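Okay, structure first, notes after.
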Amino acid sequence: MAEGTAIAVGFYALLILIPFLFPFISWALGRWYQGTLLTALNEEEKRLGSMLQNAEQSSTAPETKSMRATSSTLLHVSICVGPSIGQMFIMWAKGIFGGRLQSYDAVLDYGRREVLLRLKKQADSLDCTSIQNIRIETSVISFAKNGNENKRSSVEFLAFATGLRF
Amino acid sequence: MQPQAVISMHMSNVETIPGKTITSSLGLVTGSTVRAKHIGKDIFAGLKNIVGGELKAYTELLNESRNEALQRMIMQAHGMGANAVVNVRFATSNVASGASELFCYGTAVIVA
């Protein structure tokens, strides 16, 4: 009789825990995976650190030293990033009391750094030695149908600029 | 939809085409496209949501769409007799459930 009660309690406890188990696994996997992405990005930034880095070579100023340039091209790259389901769960929980959403911070920071790095790589591949008028735009991309709010967290970063060749 | 010819054109997001001189301004040109994901990419993106990070399927979809919008803008500029587009800007917006609009616009000019 006592054994039956213990099994029933265990079963109900499992039923209560299952909804939290999946977000926890997702959070743990996401933390590991995003960690590897960040490590790769850090290494890539170190490797290409000197590329188009000074104010002459990369700038947000619309005024260019364009008269000296021989040709130019429009550069544009984008990246779509999203938090893991576990991170979304934590965000939902934190949303009750408010405060800094560190896990979302990390995802957005990664996206923005990655898109800038890709812009520099694109400039380099097109033989541009300077990037002017850099603009970064952020937009929430909703491919979610039927009002599925979970998928609304995908964020697109678009970086565009004018690449100059001298 | 008819396949569009790929036309190369000078483009920049500054007020001039560096290294060239604008001889004539022809006005506003725009290009847009509305895209929805397909179910295969959605399933993959849904699985990718388990770990988060970059959603490559959506990145590729948006890149293709943006290039198509740019191509439409170029076609319009070409139709007006322009050989360059300056001050190019991009905009992205959700226009319907499950679909996004990629929009680009600029000023068509003739450069020499």
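The values are calculated or read from the model by the stated rules, or taken from the named source; none is laboratory data. Please read these numbers as outputs of a predicted model, since none were measured by experiment. Don't worry about glycine lacking a Cβ; one is built from the backbone with ideal geometry, like all the others, and counts go over all protein chains shown. All accessible areas refer to the heavy atoms of the entire protein, side chains included, with ligands and DNA or RNA removed. Shrake-Rupley method; radii C 1.70, N 1.55, O 1.52, S 1.80 Å.
Things worth noting here:
Here's the yes/no breakdown for (1) modelled with pLDDT under 90; (2) assigned to a loop (DSSP other than H, G, I, E, B):
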| site | (1), (2) |
| --- | --- |
| B:17 | yes, yes |
| B:23 | no, no |
| B:43 | yes, no |
| B:64 | yes, no |
| B:69 | no, no |
| B:76 | no, no |
| B:82 | no, yes |
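- Apart from one condition, residue B:89 fits all of (1) crowded, with 20+ Cβ neighbours inside 10 Å; (2) at pLDDT 90 or above; (3) at the interface with another protein chain (Cβ under 10 Å from one of its Cβ atoms); the exception is (1).
- Filter result (farther than 21 Å from residue A:114 by Cα and either open to solvent by less than 40 Å² (accessible area, probe 1.4 Å) or not hydrophobic (A, V, I, L, M, F, W, C) (or both)) within the stretch A:74-87: A:86
- Contact annotation: residue pairs with Cβ atoms under 7 Å, 6 or more positions apart or on different chains, pairing a residue in the stretch A:64-77 that is closer than 15 Å to residue B:15 by Cα and at pLDDT 80 or above with a partner that is open to solvent by 30 Å² or more (accessible area, probe 1.4 Å) and in a loop (DSSP other than H, G, I, E, B), are A:71/B:19; A:72/B:19; A:73/A:126.
- In the stretch A:21-57, residue nearest to the other protein chains (Cβ to nearest Cβ) [restricted to those that are surrounded by fewer than 10 Cβ atoms within 10 Å (Cβ to Cβ) and modelled with pLDDT under 80]: A:55
- For the stretch B:21-43, the condition of being within 30 Å of residue A:82 (Cα to Cα) and of a type in the set (Asp, Glu) holds for at least one residue.
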